[in-house]
Amino acid sequence: QDSSVRIFISNFLHNPSGVIGLAIIFTMMFSAIFAVQISGVEPDYIDPINSRLGPSWDHLMGTDQLGRDMFSRILSGAKQSIYIGVVASFLANLIGTVLGSIAGYLGGKIDTVVMRVSELVMTFPQLILVLIFVSLLGQGINNVIIVFALTGWMTTFRLVRGEFFSLREEAFVEADRAFGFSKPRIIFRHLLPNTLSPIVVAFTVNIAIFIIAEAGLSFLGLGVPVTTPTWGNLLTAAQNPVVVNEYWWLWVFPALSIAIFVLG
């Protein structure tokens, strides 16, 4: 096992895009956790005298209409946006993995029912489903997470289900059945570890998708309440043509933060 870990680390270090991506993600997550310590200013501190100042040494990313430091607000917004993306992706993957594992191994009517449910959900554009659920549940970080989890599990489900279809006929599974192991043990202890690769890929991709989706919802005024700084809420400043033309730093830096993190 130690040799496998060393081989993995060696291969990863020889993958420039992987190293750069991981460095970007860890740097931005570290900055989000210690946002106030790094910026030196509370994100909600109002200073009307210094409102709408451009980037400078005192305010690296300028200030907004109320004189709040944009650098501090972007770092604080990163904490909320990344939290939403990671937790929602984890829950969506958890739902998709459990349903895909059960449907892929058992097959039959259970697989048919779950498959039809996933097809029904995928029939509607995800944005439409998200808008419907958000209008029903209301705004809030937890509500947004729940909505993303309920509307984003289908890809993981199909990937895991396909892997289980090919693995359930392997010799080691036949041996498990011969030894009398229970179905839950075969599914979750023996088969599931062999499907981690697509699950990890789906998890990372969904984080990026959900962060972008949160930004879109907040831009439309349907996501996290405007009193909570997120990258999406900071982007709402771009709705004002005056801001777009004259105060570019109010929307360029939040947009760049989203793009850089998603790229990472």
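Beyond 22 Å, what percent of the Cα pairs of the range 132-252 remain? Result for the distance tail: 55 percent. The residues of the range 1-143 expose, per residue, 59 Å² of accessible area to a 1.4 Å probe.
Need one word for the range 72-137: rounded, prolate or oblate. Basis is the Cα gyration tensor (sqrt eigenvalues a ≥ b ≥ c); a/c below 1.5 gives rounded, then a/b vs b/c decides. Working shown, then result.
Details: a/c = 4.32, a/b = 1.87, b/c = 2.31.
Judged from the Cα gyration tensor, the range 72-137 comes out oblate (a/c at least 1.5, b/c at or above a/b).
Seen from all directions on average, the chain presents a Cα convex hull projection of 17.7 nm².
With the cut-off at under 19 Å, measuring from each backbone N in the range 44-76 to a point 7 Å along the Cα-to-Cβ line of THR27 picks out 60-62, 71-76.
Check every DSSP H run in the chain and write down those whose alpha carbon atoms cover 27 angstrom or more along the long axis and whose mean Kyte-Doolittle hydropathy is -1.0 or greater. Walk me through the intermediate numbers first.
Details: long enough: 70-106 (53 Å, 1.19); 196-219 (34 Å, 1.96).
Qualifying helices: 70-106, 196-219.
Using the Cα centre of the range 160-264 as origin and beta-carbon charges of +1 (Lys, Arg) and -1 (Asp, Glu), tell me which of ALA215, TRP231, LEU192 is placed farthest towards the positive end of the dipole. The Cα lying farthest towards the positive end belongs to LEU192. Estimated at 0.36 nm per residue, the fully extended path between VAL200 and GLU169 surpasses their Cα-Cα distance by 8.8 nm. The fraction of Cα-Cα pairs per 10 angstrom bin, counted from 0 for the range 71-110, comes to 27, 28, 20, 14, 9, 1 percent, rounded to whole percents. Dipole of the chain computed with +1 at Lys/Arg Cβ and -1 at Asp/Glu Cβ about the Cα centre; of SER182, ALA78, LEU167, farthest Cα towards the positive end is SER182.
GNM on the chain, alpha-carbon springs under 10 angstrom: the most fluctuating residue among GLY152, GLY85, GLY67 is GLY67.
Taking the average, over residues, of other Cβ atoms within 10 Å as the packing measure, peptides 15-27, 121-133, 251-263 rank 251-263, 121-133, 15-27 from highest down.
Among residues other than LEU53 with Cβ under 13 Å from its Cβ, the summed charge is -3 (Lys and Arg +1, Asp and Glu -1).
Spin-label model, ILE46 to VAL113: label points 7 Å out along the Cα-to-beta-carbon direction sit 5.5 nm apart.
The values are calculated or read from the model by the stated rules, or taken from the named source; none is laboratory data. Since the model is a prediction, treat every value here as computed from it, not as a measurement. Quick reminder, even Gly has a Cβ in these numbers, built from the backbone with ideal geometry, and neighbours come from all protein chains shown. Note: areas computed on protein heavy atoms with side chains; ligands, DNA, RNA excluded. Shrake-Rupley method; radii C 1.70, N 1.55, O 1.52, S 1.80 Å.
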